[in-house]
Amino acid sequence: MSWNDFYRRRDVIDTVLTLARRNPEGELPFAEVPGAELAFGSRENLLLALHYKWTQLLVGHLRAELAGPEDVPESEPDRVDAVTRAWHSAVREHATLHRLLDASLDRYPELRPLDEAEKRMLAITTGLADPHEPADEVLKIGTAFVALLNHSPSRVPARRRNPVGHLLRMLVPAG
């Protein structure tokens, strides 16, 4: 992929998200975006790129919350709270992208394996599941966890942070 292709794809994604703000639960605005077909070829490919963007953003928030040993208090951190804060932060900052992907799950089966992988990752990151458990069990735990996240308040008590962790959180991509 050339730099021109990269920028064309980025611009299409930005335009799609701008248009989707009007109705994020609606149909993916593909035909309305000039160059979308040339850049992605199909709605499915565009959705896969959008999901990749969401995954990068979510993982960035998770890494910032679970920064590293220098950011951990004396006692073991509550990983469930940390993942909850990260997830709510990512959803709050990228609400249109998240709602667009959620609304597209039923219409585009290509997204299901990616959604399931995300739920397994969240289950393992929280410590509610072990990576060596059967994938279907981990998925059940992740699905339940995400259901709780979707129906819980977005405020989770903040833990004390040192300046290094705060700096890392500031570096999480905003776009």
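For the stretch 142-169, which positions are touching a Lys or Arg at 6+ places or on another chain (Cβ under 8 Å), among the aliphatic types (A, V, I, L, M) and at pLDDT 95 or above?
Hit for the stretch 142-169 is Val146, nothing else.
Suppose we keep only residues that are modelled with pLDDT of 95 or more and small (Gly, Ala, Ser) within the stretch 96-126. Which one would you say is nearest to Ile141 (Cα to Cα)?
Ala123
What pairs can you find where one residue is in the stretch 105-124 and of a type in the set (Lys, Arg), the other is modelled with pLDDT under 95, and their Cβ atoms are less than 7 Å apart, with a gap of 6+ or different chains?
These pairs meet every condition: Arg112/Leu105.
Return the residues of the stretch 1-51 that are under 20 Å from the mean Cα position of the chain (by Cα) and among the small types (Gly, Ala, Ser); say none if nothing qualifies.
Ala20, Gly26, Ala49, listed by residue number.
Just checking, which of Val16, Val33 is in contact with a Pro (Cβ under 7 Å, 6 or more places away or on another chain) and crowded, with 16+ Cβ neighbours inside 10 Å? Give the derivation first.
Details: Val33 fails: in contact with a Pro (Cβ under 7 Å, 6 or more places away or on another chain).
Selected residue: Val16, the only one of Val16, Val33 that is in contact with a Pro (Cβ under 7 Å, 6 or more places away or on another chain) and crowded, with 16+ Cβ neighbours inside 10 Å.
The values are calculated or read from the model by the stated rules, or taken from the named source; none is laboratory data. Bear in mind the structure is a predicted one, so any value in this text is a computation, not a measurement. Counting neighbours? That spans all protein chains shown, and the Cβs are built from the backbone with ideal geometry, glycine included.
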